[in-house]
Amino acid sequence: GQIKVTASNLEDYLGKRKYSLNKANKEPQVGIVRGLAWTSVGGETLEIEVMSLKGSGKLELTGKLGDVMQESAKIALTYVRYLVQDQVAEDYFEKHDIHIHVPEGATPKDGPSAGVTMTTAIYSAVTEKEVRADVAMTGEVTLRGRVLPIGGLKEKLLAAKEAGIQEVLVPKENSRDVDEMEAEILEGIELKYVQKVEDVLKEVLV
């Protein structure tokens with residue numbers, strides 16, 4: 001009998017795709033931060049992009065953003081405003097629009113784990129400080145800048161490894177999940193535990 005190979009069953013015959021298009025960037029950049037998402041088919045890395053433009057204080061959100069992520073974006077913006085109050089003009093946020101884009105490929109199913117990524121990307125865009133490209137992060141953020149634990153960590157770490165990421169920032173409260181993981185998942189990856197947004201910024205800003 002004939003075998004029909006189609007786009008949808010290609011992986012069955014050839015195995016998983018070896019080259020991820022989403023390989024780590026080499027150069028640090030302003031306003032681009034790599035987060036980790038959990039999806040129904042496993043983890044994936046997603047680059048959140050933020051631009052700050054002259055405007056009238058609007059927050060624009062585009063891409064694949066569910067309600068929870070929109071909430072995260074607002075909290076992220078509020079915390080950045082608090083952090084940079086001594087670094088930018090007093091009316092900065094009235095005179096600029098902040099645009100957050102989450103690329104379409106990403107379909108985060110568990111909602112809240114992009115808080116730290118968005119906060120870091122907004123902070124970078126507003127202060128024009130570059131962010132290391134070899135680091136990925138996951139965690140939710142509170143209005144006071146605390147980093148909260150997330151789910152799906154194992155899948156997220158595997159996704160980071162596949163994308164060639166060397167270092168992953170993880171909420172401190174997820175350390176017990178890490179203790180239960182098989183050693184080979186953690187091989188070749190450096191984990192850093194973070195408790196506050198400031199820990200994240202210290203680690204990734206160039």
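Applying the criterion of at least 2 residues that are within 16 Å of the chain's Cα centre (by Cα) to the helices (runs of 4 or more DSSP H) found wholly in the stretch 138-202 leaves 153-162.
Would you confirm whether or not the stretch 118-133 contains a residue that is buried (at least 18 other Cβ atoms within 10 Å of the Cβ), in contact (Cβ under 8 Å) with a residue 40 or more places away in the chain, farther than 21 Å from residue 206 by Cβ and touching a Ser or Thr at 6+ places or on another chain (Cβ under 9 Å)? No. Among the criteria (1) at pLDDT below 95; (2) under 14 Å from the mean Cα position of the chain (by Cα), the one residue 68 does not fulfil is (2). Considering only residues in the stretch 79-121 that are under 23 Å from residue 148 (Cα atoms) and in contact with a Leu (Cβ under 6 Å, 6 or more places away or on another chain), the one that is modelled with the lowest pLDDT turns out to be 106.
Filtered by the rule that a residue be open to solvent by 10 Å² or more (accessible area, probe 1.4 Å) and under 22 Å from residue 189 (Cβ atoms), the stretch 134-149 gives 134, 140, 148, 149. Within the stretch 49-67, the set of residues being among the hydrophobic types (A, V, I, L, M, F, W, C) and more than 16 Å from residue 114 (Cα to Cα) comprises 51, 53, 59.
Tell me whether the stretch 66-73 contains one or more residues that are open to solvent by 20 Å² or more (accessible area, probe 1.4 Å) and in contact with a strand residue (DSSP E or B) (Cβ under 8 Å, 6 or more places away or on another chain). Yes, that holds for at least one residue.
In the stretch 32-47, which residues are surrounded by 17 or more Cβ atoms within 10 Å (Cβ to Cβ) and out of contact with any Lys or Arg (no Cβ under 8 Å at 6 or more places or on another chain)? Of everything in the stretch 32-47, those that are surrounded by 17 or more Cβ atoms within 10 Å (Cβ to Cβ) and out of contact with any Lys or Arg (no Cβ under 8 Å at 6 or more places or on another chain) turn out to be 32, 33, 34, 35, 44.
The values are calculated or read from the model by the stated rules, or taken from the named source; none is laboratory data. On a predicted model such as this, the values are computed, not experimentally measured, just so you know. Because the Cβ atoms are built from the backbone with ideal geometry, glycine has one as well, and the counts that use them run over all protein chains shown. Just the protein is used for accessible areas: all its heavy atoms, side chains included, with ligands, DNA and RNA removed. Shrake-Rupley method; radii C 1.70, N 1.55, O 1.52, S 1.80 Å.
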